[in-house]
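Student: Mind having a look at this structure? Questions to follow.
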Amino acid sequence: MLVCVALVVVGMSLLSEPSSDKAENAIIIDSGSTNRAGVRIEVGRSGVAEMTPGRRRNAGPASEQTKPLQRTLSSAVVQRFYADLESAKPLGSLPEVHCMKSASFGSALTVVLGNEQTPDLSCGDGGNAAMRNLIRDVNEIVALFHN
């Protein structure tokens with residue numbers, strides 16, 4: 001009986017642990033718009049970042065899935081990005097900065113880390129230093145995929 005209980009406890013602890021490091025990766029999400037496809041960039045603490053192109057909003061049936069692109073980020077960029085995310089927590093308490101956006105061309109740029117998400121970063125920092133740092137980091141990472 002004791003052996004069965006021990007096996008159940010060990011099995012439960014294995015199930016509750018994340019199966020990979022991906023569980024705590026930061027994800028940059030550009031929602032895209034009706035006229036422009038969005039992207040999802042998963043940034044691993046190892047420095048590997050993977051961009052998965054999305055579809056335009058209101059687009060027709062899904063066509064072929066585009067393969068994700070990978071880039072290796074410098075350790076300085078990754079460390080600064082994750083340090084800025086940590087210092088900005090809780091991410092949901094960052095100020096929501098509003099700006100005018102076209103119905104066709106408007107998109108949102110956010111970062112998700114675990115169960116937290118930033119407000120839209122595409123409207124500026126609103127004078128908030130933590131937002132300013134995250135916007136700088138995100139723009140730098142996104143730019144690496146456009147070179």
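The values are calculated or read from the model by the stated rules, or taken from the named source; none is laboratory data. Given the structure is predicted, the values throughout are model-derived calculations rather than measurements. Note that each Cβ is placed from the backbone with ideal geometry, even for glycine, and that neighbours are counted across all protein chains shown.
Student: Considering ALA103, ALA88, ALA76, which residue is of a type in the set (Gly, Ala, Ser), more than 16 Å from ARG40 (Cβ to Cβ) and at pLDDT below 95? Walk me through it before giving the result.
Tutor: Numbers: ALA88 fails: at pLDDT below 95; ALA76 fails: at pLDDT below 95.
ALA103 is the lone residue from the list that is of a type in the set (Gly, Ala, Ser), more than 16 Å from ARG40 (Cβ to Cβ) and at pLDDT below 95.
Student: Considering only residues that are aromatic (Phe, Trp, Tyr) and either crowded, with 18+ Cβ neighbours inside 10 Å or over 17 Å from the mean Cα position of the chain (by Cα) (or both), which ones fall in the range 91-147?
Tutor: PHE105
Student: Would you confirm whether any residue within the range 61-71 is modelled with pLDDT of 95 or more and among the hydrophobic types (A, V, I, L, M, F, W, C)? Please lay out each step first, then the result.
Tutor: As a first pass, look at the range 61-71 and keep what is modelled with pLDDT of 95 or more: 70-71.
From what's left, among the hydrophobic types (A, V, I, L, M, F, W, C): none.
Within the range 61-71 (the criterion being modelled with pLDDT of 95 or more and among the hydrophobic types (A, V, I, L, M, F, W, C)), the answer is no, since none of the residues qualifies.
Student: Please list, ordered by first then second residue, the pairs with beta carbon atoms under 8 Å, 6 or more apart or interchain, first in the range 84-107 and among the charged types (D, E, K, R), second outside any loop (DSSP other than H, G, I, E, B) and surrounded by 11 or more Cβ atoms within 10 Å (Cβ to Cβ).
Tutor: ASP84/ALA130; ASP84/ASN133; ASP84/LEU134; ASP84/ASP137; LYS89/GLU116
Student: Then there is this: List the pairs whose first member sits in the range 27-38 and is within 26 Å of ASP84 (Cβ to Cβ), whose second member is basic (Lys, Arg) and assigned to a strand (DSSP E or B), and whose Cβ atoms are under 8 Å apart, counting only residues at least 6 apart or on separate chains?
Tutor: ILE27/ARG40; ILE28/ARG40; ILE29/ARG40; ASP30/ARG40
Student: Please work out which one of (1) hydrophobic (A, V, I, L, M, F, W, C); (2) without any contact (Cβ under 8 Å) to a residue 60 or more places away in the chain; (3) not in a loop (DSSP other than H, G, I, E, B) is the condition PHE81 fails and give its number.
Tutor: (2)
Student: How many residues does the range 137-147 hold that are assigned to a helix (DSSP H, G or I) and touching a residue at least 40 places away in the same chain (Cβ under 8 Å)?
Tutor: Adding up the residues that qualify gives 6.
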